[in-house]
Amino acid sequence: MSNDCTPYVPVNPGDLITAENWNDMQCKVQEDIAAKAAAAKEEIIKEGVSRADNADKFDGKSATEWTETLDQRYAPKMHDHEEMAGYRRFIKRFTPELDKVLLHHKLGRFPLVDIYRLESIGSIQDEKNKGALPAEFQKCKLLFYYGHADAEKYGLQRQVFREKVRIGIPFRILLAELNVEYDDDDPIEDVLNDMWDAFMHDPNDELEHCQSPWVRECCGQRRTVAELKKGDQWNDLYVAMVPVRVLVGDPVCRNLAQAEGTAGVRPLPADNVNMVREGVCRPLLVHVNYDTTYLQVEGLTATTSPVDLMILMRS
């Protein structure tokens with residue numbers, strides 16, 4: 001055992017040990033024990049407890065941070081623009097006089113493009129509902145309706161076995177997409193007019209649109225958004241449209257005789273939405289540059305009805 005330790009109270013052989021010396025030694029012993037305990041506590045915290053706070057990290061980084069770091073090093077970068085994905089929707093009408101258009105999407109790259117022909121609302125009716133829709137609405141491309149009162153009555157739904165799905169976009173969602181502002185005190189007629197204006201705002205073209213008798217009566221009564229919400233009707237309002245996807249090069253038009261049958265349009269078979277179109281007019285799509293796409297419907301003549309297309313682009 002080493003004798004190199006320093007005494008708390010040094011004394012020499014023959015010295016008198018007094019009560020003062022004894023008390024002083026006890027105080028120094030207590031101070032020394034407290035100092036050593038504090039040092040040991042600090043070391044435990046620094047080397048043990050503090051490191052436990054970082055137990056979910058490796059080399060100072062969490063699993064998420066390591067994933068991001070490695071993705072940046074090794075994963076291919078497919079998108080380097082600010083948004084995760086850009087999206088555009090164009091509504092355009094093509095006629096023999098206006099058969100081409102430049103779509104300025106400004107997505108900053110060649111987007112993926114889907115083309116849809118907008119059928120009339122009357123085309124969705126099957127034999128069960130044929131003729132239920134008022135004749136004045138047969139050729140409408142857009143119909144504002146109330147699901148509970150109109151979906152079953154006018155056949156504004158698609159049924160597969162027992163499952164039924166209402167046709168169209170929920171009105172409240174479309175308002176949000178179009179950034180239409182409204183208050184609960186606003187009459188539904190005013191909100192609807194603002195939605196039509198926004199939906200057909202340039203660069204979109206104006207299409208035939210209408211509203212069901214229930215909606216017409218509701219607008220006539222000047223009912224407000226708040227009243228519709230209170231009656232649980234607000235979330236059951238829809239804007240019906242019938243976009244049928246077509247491939248580039250597929251025919252997209254019919255002649256006027258085919259388009260104007262006894263019911264206004266030829267019904268779309270309930271069991272085959274993607275029916276083959278008659279006619280020779282076809283869409284031609286060319287990406288001009290990273291911000292603009294050229295679209296032309298070739299083959300339109302005086303005997304073909306106008307072609308209404310919805311063009312969806314995403315980057």
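The values are calculated or read from the model by the stated rules, or taken from the named source; none is laboratory data. As the structure is a prediction and not an experimental result, all values here were calculated from the model. Glycine gets a Cβ as well: all are built from the backbone with ideal geometry, and neighbour counts include every protein chain shown. Note: accessible area is taken over every heavy atom of the protein model, side chains too, but ligands, DNA and RNA are not part of it. Shrake-Rupley method; radii C 1.70, N 1.55, O 1.52, S 1.80 Å.
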Flagged pairs (Cβ under 6 angstrom, 6 or more apart or on separate chains; first in the range 228-243, at negative phi; second open to solvent by less than 30 Å² (accessible area, probe 1.4 Å) and among the charged types (D, E, K, R)) are 242/119
Considering residues of the range 229-242 that are in a loop (DSSP other than H, G, I, E, B) and buried (at least 17 other Cβ atoms within 10 Å of the Cβ) only, the residue modelled with the highest pLDDT: 233
Can you tell me which of 96, 76, 10 is in a loop (DSSP other than H, G, I, E, B) and modelled with pLDDT of 80 or more? 96
Under the condition of being out of contact with any strand residue (DSSP E or B) (no Cβ under 6 Å at 6 or more places or on another chain) and open to solvent by 80 Å² or more (accessible area, probe 1.4 Å), which residue from the range 144-169 is farthest from residue 215 (Cα to Cα)? 161
Among what's in the range 99-116 and is in a loop (DSSP other than H, G, I, E, B) and of a type in the set (D, E, K, R), pick the residue that is nearest to residue 295 (Cα to Cα). 99
Could you please give the count of residues in the range 133-161 that are in a loop (DSSP other than H, G, I, E, B), over 19 Å from residue 174 (Cα atoms) and out of contact with any Leu (no Cβ under 8 Å at 6 or more places or on another chain)? 5
Residue count, the range 162-185 (criterion: part of a loop (DSSP other than H, G, I, E, B), farther than 13 Å from residue 238 by Cβ and at pLDDT 90 or above): 8
Restricted to the range 250-282 and to residues being small (Gly, Ala, Ser) and open to solvent by 30 Å² or more (accessible area, probe 1.4 Å), the residue modelled with the highest pLDDT is 279
Considering only residues that are open to solvent by 50 Å² or more (accessible area, probe 1.4 Å), in a loop (DSSP other than H, G, I, E, B) and either closer than 22 Å to residue 139 by Cβ or hydrophobic (A, V, I, L, M, F, W, C) (or both), which ones fall in the range 283-307? 288, 301, 302, 303, 306
Quick one: residue 3 ticks every box in (1) modelled with pLDDT of 70 or more; (2) more than 60 Å from the chain's Cα centre (by Cα); (3) of a type outside the set (Val, Ile, Thr) except a single one, so which number is it? (1)
Condition set of a type in the set (Gly, Ala, Ser) and under 27 Å from residue 119 (Cβ atoms), scope the range 180-221, selection most open to solvent (accessible area, probe 1.4 Å): answer is 198
Residue 245: passes all of (1) over 21 Å from the mean Cα position of the chain (by Cα); (2) at pLDDT 90 or above; (3) within 30 Å of residue 306 (Cβ to Cβ) but (1)
